[in-house]
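Structure, as structure tokens:
The values are calculated or read from the model by the stated rules, or taken from the named source; none is laboratory data. Remember, predicted model here, so these are calculated numbers, not experimental data. Every residue, glycine among them, receives a Cβ derived from its backbone with ideal geometry; neighbour counts consider all protein chains shown.
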Amino acid sequence: MVRIKAINETSPYLPEVNKLGDANKATLGFFYKGAFEEKARNKQILVALSDSGEFMGYLMYRNVKSHNRISIIHLCIKNNYRGQGIAKQLLNYLKSITSQYRGIELRCRRDYGIDNMWLKLGFCAVYDKKAKTKGKLLTYWWLDYGYPNLLSLINDQKSESKLSIIIDYSIFQEIYLYNHSSKPQEEKSKDSKVLLADWLEPNIEMWVSKEILNKINQINDYQKRQSIRNIFSQLSCINYTDQQYQRFLISIKSLIQENNLLIDESYLRHIVQSLASGINIILTNNVDILKLSDQFYEEFKVILISPNDFIKRFDDIEQQKNYHSRFFTGIHSLKQLPINLEEVNKLRHDLVNSCSEEEQQYFLENLRNFIFKKDTHECLIIKDEDNEAIALIVYNRSKKDQLEITMIRISEHYLAETVARHLLFTSISLSAQEGRQLTKITDKYLQYEIINIIQEDYFIETNNELSKLNLYLIDTKKNIADKLNKLEKKIPELTFFFQSFSENLRKNNLNAENILLIERYLFPLKIIDHDIKNFIIPIEPKWAADLFDQKLAEQTLFGFSQIKLALNREAVYYKSKRSPKQLALGISGRILWYVSSGSNRKKFCHVGRIRACSRLDEVIIDTPKELHRKYRHLGIYELSNILEVAKNDEQTEIMAIKFSDTELFEYPVSLKEAQEILKNKTTFISPTYINNEKFAIIYKQGMKGQ
């Protein structure tokens, strides 16, 4: 009898996992001991045990949430237990605990000769590509869970954008030596070769600085110099302007002097070039420069990290890749105004897509045409406090069932991508609130950055147009399916998608994660006849204003004419661990935010009410420092704020609640009204679990006043 269990970082079996992994590193790839511990801490290592408790093998995996799939990193069985079906049992257990995902992927070198094993385990070989190791091929294997076809199709439309990292010359050398040196592996560097791991290859893109060419030029041997230059030419080289370079040069010199560090001129140029490039992950093994990692993040919002720590923290870092801004994201004072004809000429310099075939004259004619069509078109521009254009968006409301975005552009402003995400989310929400079932993008000259953001919002590509279904419904699966069937006749070009969603909603095998995924695709749809966890969570007005409630934020402006926009699509809220048992580690669901009166009752009006609804993405429990490291890219909270939640005890564990896509209520629900709906006198001092029926009543009242 084989027993399968997930282990944590304190398990007595973790050293055996390390030992077995190290013994088979020639085929498993490279993984540091610390990275094993990190995976164990996340319960992402499964071990197989005999009746007597003897360790037989392990499976290590990661959750690729952005594509709703599981990725196997290692699957390894001890020699004396191979051929006994242990791998199959580990895989079956993994399938049973990850059924909410689409399936399992893995990558394995063809020359390892174990294709038959993957075939017997149910995997299909999808494609081959060059491995990081010279002259070798890597096969991508896929095991499908039989996920609803439509959801698979939409997921596949999202491009697999890679995580960009910059490596320095020492790492470049180590990778070169490992891949091309004739020396035995034992003599080669062990620090940077983790970046060659097969499982990592599809997830990262390595960039190099121009300074590496200067280092290569110092090599006396001509043949070796040319050989290394050829390798360099196969990597992506960063770009930057001289203005950016000079700006960062001053800051870095000052930082180095303040910390009394000795950095040679070549390495200084490499670091400055890296910062100026805009890529926000820099890998190095330079011990001196790594001492500045916290200061680099605080000052430049750049992750300065060793290859070893990069692997250990890879999952956390990958989740941050959509936050390219190196500046504070949260509530910002911005102006959203109608575009007037007088400023159109100026906009052509900042907002024409220079990377496409669009010409300035075409842009001008189109925009002027849209401005003149006031009955059907609305042209808006977002500007910063200095009156600089950040983005523009043009709506076409000529069709009753859809809100068409005929033009959306961003400038090179540091907040541009963040504003674009905000504009797309508010467009989808606006379309739904106006009773339209579709948000459509017909701009032929979309910028690359905009395309990536659109993919994050699950737009569907049909007939060279991008469409997003948005249903302002809160109902049962059957009633929603019936509604979708009726919509087929109104929007025939999306018949396949309406039918597929309808068929999926009529099935009985959908779990809570599947339901939440469908809600995300059809946002702001809410499905009320499934076991979704709903919570009313109290929050002080100050934090509500900073995290999501722009109406509260505006109260602090004392009539100032600018608006404040809550730019974060995602955010995190910290509280003590004390919560109802349903608000458990790893849970997802929905949040209703009860904004309390707070300590300063006179500062905010209309508090003591349920004011918003968010999607609950995950619940994490850890120490303040670890939580700050994991979520600092989301802004708002400083470490000192998080420590206050833990009563300034660095070792006290607290709860982080990650949430997204917040809808502000048009009709906030008062405490008295909430008590009447729930039929109890709770004052929401702590989180409260509620069922779907009560959630639906509060949500309808808040959004529609019903």
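Looking at the range 26-43, is at least one residue at pLDDT 85 or above, crowded, with 16+ Cβ neighbours inside 10 Å and either acidic (Asp, Glu) or over 32 Å from the mean Cα position of the chain (by Cα) (or both)? So far as the range 26-43 goes, yes, one or more of its residues are at pLDDT 85 or above, crowded, with 16+ Cβ neighbours inside 10 Å and either acidic (Asp, Glu) or over 32 Å from the mean Cα position of the chain (by Cα) (or both). Answer with yes or no whether Glu318 is surrounded by fewer than 14 Cβ atoms within 10 Å (Cβ to Cβ) and either touching a residue at least 12 places away in the same chain (Cβ under 8 Å) or part of a helix (DSSP H, G or I) (or both). Criteria not met by Glu318. Looking across Glu404, Glu412, one residue alone is in a loop (DSSP other than H, G, I, E, B), in the same structural domain as His349 (by TED's automatic domain parsing) and charged (D, E, K, R). It is Glu412.
Any residue at all in the range 439-454 that's among the basic types (Lys, Arg), over 22 Å from Met703 (Cβ atoms), assigned by TED's automatic domain parsing to the domain that holds Lys399 and in a strand (DSSP E or B)?
Yes, the range 439-454 contains at least one residue that is among the basic types (Lys, Arg), over 22 Å from Met703 (Cβ atoms), assigned by TED's automatic domain parsing to the domain that holds Lys399 and in a strand (DSSP E or B).
Restricting attention to the range 282-315 and to residues that are surrounded by fewer than 17 Cβ atoms within 10 Å (Cβ to Cβ) and farther than 25 Å from Phe31 by Cα, the residue that is modelled with the highest pLDDT turns out to be Gln295. Where strands (runs of 3 or more DSSP E) fall entirely within the range 37-130, those with at least 1 residues that are hydrophobic (A, V, I, L, M, F, W, C) and touching a residue at least 24 places away in the same chain (Cβ under 8 Å) are at 45-49, 55-64, 69-77, 103-109. Filtered by the rule that a residue be part of a helix (DSSP H, G or I) and among the aromatic types (Phe, Trp, Tyr), the range 471-516 gives Phe496, Phe497, Phe498, Phe501.
Would you point out the residue of the range 385-421, among those that are over 26 Å from the mean Cα position of the chain (by Cα) and of a type in the set (Lys, Arg), that is farthest from Glu434 (Cα to Cα)? Step by step, filter the range 385-421, then rank; the result is Lys399. Per this entry, Ile428 is counted among residues that are within 25 Å of the chain's Cα centre (by Cα) and buried (at least 16 other Cβ atoms within 10 Å of the Cβ).
Quickly run through the range 582-599 and pick out the residues that are without any contact (Cβ under 8 Å) to a residue 40 or more places away in the chain and on the phi < 0 side of the Ramachandran plot. Passing the criteria: Ala584, Leu585.
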